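Read through the structure below, which is laid out as structure tokens, and then see the notes.
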Amino acid sequence: NAEYMGKHLSRRSLLRLRRRAFQRTSGPPHCSSKRMIARVAFVAALFALCSLSHGWWDEGHMLVAQIALERLRPEVAAVASALVAELSAQFPATNEFQSSAVWPDDLKTMAMPIFNSLHYVTIPYNPNPNYTAVPPPQDLNVVWAIQQFSAMLNATATIPYGQQMAIRFLLHFVGDIHQPLHTISQYSPQFPVPNGDLGGNFFTVYYNGTKTNLHSLMDSIFFKFLNQPIKRPLTAAGHAALQHFAAEAEQLNPPSSFTDSELSSLNVSAWALESNALAIQLIYLNGALTPGSNITADYATSVLALLERRIALAGYRLANLLNAFVPATYPPYNPVAATYCPSHMTKGGIAALSIAMLAAGGLIGGVVVWLFLGWRARAQALQKAYSEIPH
């Protein structure tokens, strides 16, 4: 159904489905009118669902990472880049720091929906005082994810493979939590529990005469890069574009435009509440924005400025987070060990694994022998008892 597609298909997958559906609608002339109408309706639904459950589209996430990269201490940037590079062979589209910020969204195209709930946190918003129902608390969410992956990145006991994944998740989730509609769902008779409006995904609006939804409008930064996307893996032109748009966002929203407490805060829960308050006030307009509304020029100007400011602040905070949590050193990559197992499996790790496998084999063998001996003893006892019965 539509909700499932929105949660589990990426923008790229949906675009492919839309293209196939369009090709079929122009199929043979003997197609029935009912079938044609159904196909056209399917295409329209896919357009409406284009960005369900995504944070910023690719460009927004890469901009956050670009802004952060420029503020990392040199030694932190070197370790962070090394961590990202370890998975570049398996994921060539996200082979460097900026593009790896999109990696968690790419996982959605790889039949791995297990991480989906980590992209957002649902803080209920009930603009209708007569509708007070809310869903149960969401335990696994973007706040929890940032806290866990920050600790995982810095812990000395974390295996290198874990650190390689942790930094990619952090690059993405810090961007997600600064997208205001990733911290809220509106609940009302029109958008009842448990999903509400799904962070604006079900909240229809019209922008420049085109039907879309509130979430897509925010994720795409008002479709800023729709006609000129920054493709991955990044080319020289892609790097230049990222640097240009990052400089633009920083010029409009320099660090000096934020308070010291805003910039230095590593309180992830506070980040979520901050985004939630902005969503209510400036995006939902304290309940004044209604489904089906036409987005005015004034609204677009105001919210576009908000989104660019959130991207800049996310980049500044991501830099502070990585400067605090990225380990000072990183174990060298072992290509020989990596031929047989993940890069964290050094010779010592392989030996430990071998011992564990032998121990497990010995344990299983011992259990089998014990069961066999027990069975044989019982069989002999039964045979003896049977022989003593008069025939």
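The values are calculated or read from the model by the stated rules, or taken from the named source; none is laboratory data. All of these numbers come straight from a predicted model, not from anything done at the bench. With ideal geometry, Cβ positions are generated from the backbone for all residues, glycine too; neighbour counts draw on all protein chains shown. Areas reflect the complete protein model, heavy atoms only, side chains present, ligands, DNA and RNA absent. Shrake-Rupley method; radii C 1.70, N 1.55, O 1.52, S 1.80 Å.
Assorted remarks:
- Every condition in (1) over 30 Å from Lys211 (Cβ atoms); (2) open to solvent by less than 50 Å² (accessible area, probe 1.4 Å); (3) of a type in the set (Val, Ile, Thr) holds for Thr329 except the one numbered (2).
- All of Gln138, Gln98, Gln148 fail the test of being in contact (Cβ under 8 Å) with a residue 12 or more places away in the chain, farther than 25 Å from Val193 by Cβ and not charged (D, E, K, R), apart from Gln98.
- Being more than 20 Å from Phe149 (Cβ to Cβ), out of contact with any strand residue (DSSP E or B) (no Cβ under 8 Å at 6 or more places or on another chain) and surrounded by 14 or more Cβ atoms within 10 Å (Cβ to Cβ) is a property that holds for Leu306.
- Scanning segment 90-112 for residues that are in a helix (DSSP H, G or I) and over 18 Å from Gly175 (Cβ atoms) gives Pro92, Thr109, Met110.
- Residues of segment 80-101 that are among the aliphatic types (A, V, I, L, M) and touching a Leu at 6+ places or on another chain (Cβ under 9 Å): Ala80, Leu83, Val84, Ala101.
- Scan of segment 241-257 for residues that are over 22 Å from Trp103 (Cβ atoms) and open to solvent by 20 Å² or more (accessible area, probe 1.4 Å), ordered by number: His244, Ala247, Glu248, Glu250, Gln251, Leu252, Pro254, Pro255, Ser256, Ser257
- Residue in segment 231-238 that is more than 21 Å from Arg317 (Cα to Cα), touching a residue at least 12 places away in the same chain (Cβ under 8 Å) and of a type outside the set (D, E, K, R) present: yes
- Residue within segment 76-87 that is open to solvent by 20 Å² or more (accessible area, probe 1.4 Å) and not in a helix (DSSP H, G or I) present: yes
- Matching residues in segment 258-294 - criterion: being open to solvent by 40 Å² or more (accessible area, probe 1.4 Å), out of contact with any Ser or Thr (no Cβ under 6 Å at 6 or more places or on another chain) and in a loop (DSSP other than H, G, I, E, B): Thr259, Leu266, Asn267, Ala288, Thr290
- Among the residues making up segment 60-75, those that are crowded, with 16+ Cβ neighbours inside 10 Å and part of a helix (DSSP H, G or I) are Gly60, His61, Met62, Leu63, Val64, Ala65, Gln66, Ile67, Ala68, Leu69.
- Residue in segment 305-318 that is of a type in the set (Gly, Ala, Ser) and farther than 16 Å from Ala68 by Cβ present: yes
- Matching option when the condition is modelled with pLDDT under 95 and either of a type outside the set (A, V, I, L, M, F, W, C) or under 17 Å from Ile311 (Cα atoms) (or both), among Asn208, Asn154, Asn253, Asn267: Asn154
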